[in-house]
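**Student:** One structure follows; several queries about it will come next.
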Amino acid sequence: MYSTKIVKAENSSAAVQAIGSSKEGKILAGGMTLIPTLKQRLANPDCLIDISSCGLEGVEDKGSSVRIGAMTKHAAVAESSSVAKAIPALADLAGGIGDRQVRNRGTLGGSVANNDPAACYPSAVMALDGTVHTNKRDISADDFFKGMFETALEEDEVIESVSFKKPEKACYMKFPNPASRYAMVGVFVAKFSDGVRVAVTGAGEEGVFRHSDLESALSSNFSEEAVSGVEVSSDGLMSDIHASADYRANLIGEMTKRAVSS
């Protein structure tokens, strides 16, 4: 068994200090990704920094946006009356992640920081023009996600919360893998006064991305017909044992239509 030290940080500053003093420290949030990774011996950190006591939970309605603490569990987001009132699509997304056990342990910040290419939350952050708040700065969604499992986070940064702008209308539609419940394709559509944002997860070789052609079409005409007029290319999409790139391209169109018509 690997030898690993566990540090329970009291705040973000203590967590950053622990990372700096370790050779290969890892932040432990809900552990839904990190723990399986350790069990498979795909990582061997000398220090795990538990941030569960850093006071990073909770939901705040900020008027034009909703701000959610990084350690807020998926179940708490799904059951929040504030989220359900302001952005019901976000509550629905959280309620469809994994199973009950995962929703009661997994956290918003952990999902966003890990940036799994099939995770649901990154699509919401991007479609809702979100902002990731760290202990050092505020990072816009378009600048945060850098590629598969890659983000703009630096080694001395900890996500403290994420803000989501309130849309006029929004919906998330996911075609889930029947075993893992991860998205084989997930599409989050958000309509604002100045246009529509469409974010796709589960399909791109580089992780979550915005689909500019669908955004342009829906900004002009928010309807299923507008989606039908867009040819979704399979270029840059994943192809694996679950679905080919062509199949995922078709699913992007179908999930977008469902999101628009809901």
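The values are calculated or read from the model by the stated rules, or taken from the named source; none is laboratory data. Just so you know, these numbers come straight off a predicted model, no measurement behind them. Cβ atoms come from the backbone with ideal geometry, glycine included; neighbour counts cover every protein chain shown. Just so you know, the surface numbers come from the protein's heavy atoms only, side chains and all, with ligands and any DNA or RNA stripped out. Shrake-Rupley method; radii C 1.70, N 1.55, O 1.52, S 1.80 Å.
**Student:** Pairs of Cα atoms under 8 Å, at least six residues apart: use those to get the relative contact order of the range 59-165, whole percent.
**Tutor:** Taking the mean separation of contacting Cα pairs over the length of the range 59-165, I get 29 percent.
**Student:** So which aspartates and glutamates can K146 reach, going by Cα to Cα under 13 Å and dropping same-chain residues fewer than 8 places off?
**Tutor:** The qualifying aspartates and glutamates are D116, E154, E205, E206.
**Student:** Round to a whole number: what % of the accessible area of the range 36-81 belongs to carbon and sulfur, probe 1.4 Å?
**Tutor:** Roughly 43 percent, rounded to a whole number.
**Student:** Report the local net charge at G204: Lys and Arg +1, Asp and Glu -1, summed over other residues whose C-beta lies under 13 Å from its C-beta.
**Tutor:** The answer is -3.
**Student:** Once you treat every alpha carbon in the range 155-237 as an equal point and sum by Debye, what is log10 I(q)/I(0) at q = 0.19, 0.23 Å⁻¹?
**Tutor:** Listed by q, the Debye log ratios stand at -0.96, -1.19.
**Student:** Now, a different point. By the scheme Lys and Arg +1, Asp and Glu -1, what is the net charge of all other residues having a beta-carbon under 11 Å from that of A43? Show your work: numbers first, answer last.
**Tutor:** On the way: positive: K26, K39, R41; negative: E24, D46.
In short, +1.
**Student:** Now for a separate question. Roll a 1.4 angstrom probe over the protein heavy atoms and tell me the percent of accessible area of the range 169-261 that is carbon or sulfur.
**Tutor:** Roughly 44 percent, rounded to a whole number.
**Student:** Can I ask one more? What lysines does K257 reach when the alpha-carbon gap must be under 23 Å and sequence neighbours fewer than 8 apart in one chain are set aside?
**Tutor:** K165, K166, K169, K174, K191
**Student:** Could I ask something else about it? Residues of the range 1-140: accessible area per residue at 1.4 Å, in Å²?
**Tutor:** Numbers: 6650 Å² over 140 residues.
Using a 1.4 Å probe on heavy atoms only, each residue of the range 1-140 averages 48 Å².
**Student:** With a cut-off of at most 10 other beta carbons within 10 Å, and DSSP calling the residue loop, which GluC sites (Glu not before Pro) in the range 158-217 qualify? Please list them.
**Tutor:** Answer by residue number: E168.
**Student:** If you add up the charges near D129, with Lys and Arg at +1 and Asp and Glu at -1, over every other residue whose beta carbon is less than 11 angstrom from its beta carbon, what do you get?
**Tutor:** Working: positive: K165, K166, R197, R210; negative: D142, D194.
Computed value for this residue: +2.
**Student:** In percent, how large is the relative contact order of the range 169-261, given Cα pairs closer than 8 Å and 6 or more residues apart?
**Tutor:** 29
**Student:** Which residue, V7, G236, A203, has the largest displacement toward the positive end of the dipole of the chain when charges sit on each Cβ (Lys, Arg +1; Asp, Glu -1)?
**Tutor:** Of the candidates, V7 comes out farthest on the positive side.
**Student:** If you don't mind, there's one more thing I want to ask. Using heavy-atom solvent-accessible surface (probe 1.4 Å) with all chains present, what is the largest-first order of M32, M173?
**Tutor:** Per-residue accessible area, sorted high to low, gives M32, M173.
**Student:** Can I ask one more? Roughly what angle does helix 245-261 make with the longest principal axis of the chain, taking Cα atoms, 0 to 90 degrees, to the nearest 10?
**Tutor:** In the chain, helix 245-261 runs at an angle near 80 degrees to the longest axis.
**Student:** What fraction, in whole percent, of alpha-carbon pairs in the range 90-162 exceed 17 Å separation? Before the final figure, lay out the partial values.
**Tutor:** Details: 1040 of 2628 pairs.
Here the tail beyond 17 Å accounts for 40 percent of pairs.
**Student:** Which of the lysines could be linked to K39 by a straight reach, that is with a Cα gap under 26 Å, when you skip same-chain ones fewer than 8 residues away?
**Tutor:** Those lysines meeting the cut-off are K5, K8, K23, K26, K73.
**Student:** Across all directions of projection, what mean area in square nanometres is found for the Cα convex hull of the chain?
**Tutor:** That works out to 13.5 nm², a quarter of the Cα hull's surface.
**Student:** Could you work out the longest stretch of the chain that avoids the trypsin sites (Lys or Arg not before Pro) located in DSSP loops with at most 16 other Cβ atoms within 10 Å?
**Tutor:** The longest such stretch corresponds to 182-262.
**Student:** At 1.4 Å probe radius, can you tell me the per residue accessible area of the range 169-261 in Å²? Present the calculation step by step, with values, prior to reporting the outcome.
**Tutor:** On the way: 4300 Å² over 93 residues.
Here the residues of the range 169-261 average 46 Å² of exposed surface.
**Student:** Which whole-percent values make up P(r) of the range 113-262 when all C-alpha to C-alpha distances are grouped in 10 Å steps starting at zero?
**Tutor:** P(r) over the range 113-262, rounded to whole percents: 12, 42, 34, 11, 1.
**Student:** Right, here's the next one. If the only charges are +1 at each Lys and Arg Cβ and -1 at each Asp and Glu Cβ, what is the size of the charge dipole of the chain around the Cα centre, to the nearest 20 debye?
**Tutor:** I would put it at about 860 debye.
**Student:** Same structure, new question: Taking only C-alpha pairs under 8 Å that are 6+ residues apart, what is the relative contact order of the chain in percent?
**Tutor:** Averaging sequence separation for qualifying contacts and normalising by length gives 15 percent for the chain.
**Student:** I've got another one for you. Using only Cα atoms and rounding to the nearest 10 degrees, what angle (0 to 90) does helix 12-21 make with the longest principal axis of the chain?
**Tutor:** With rounding to tens, the tilt is 60 degrees.
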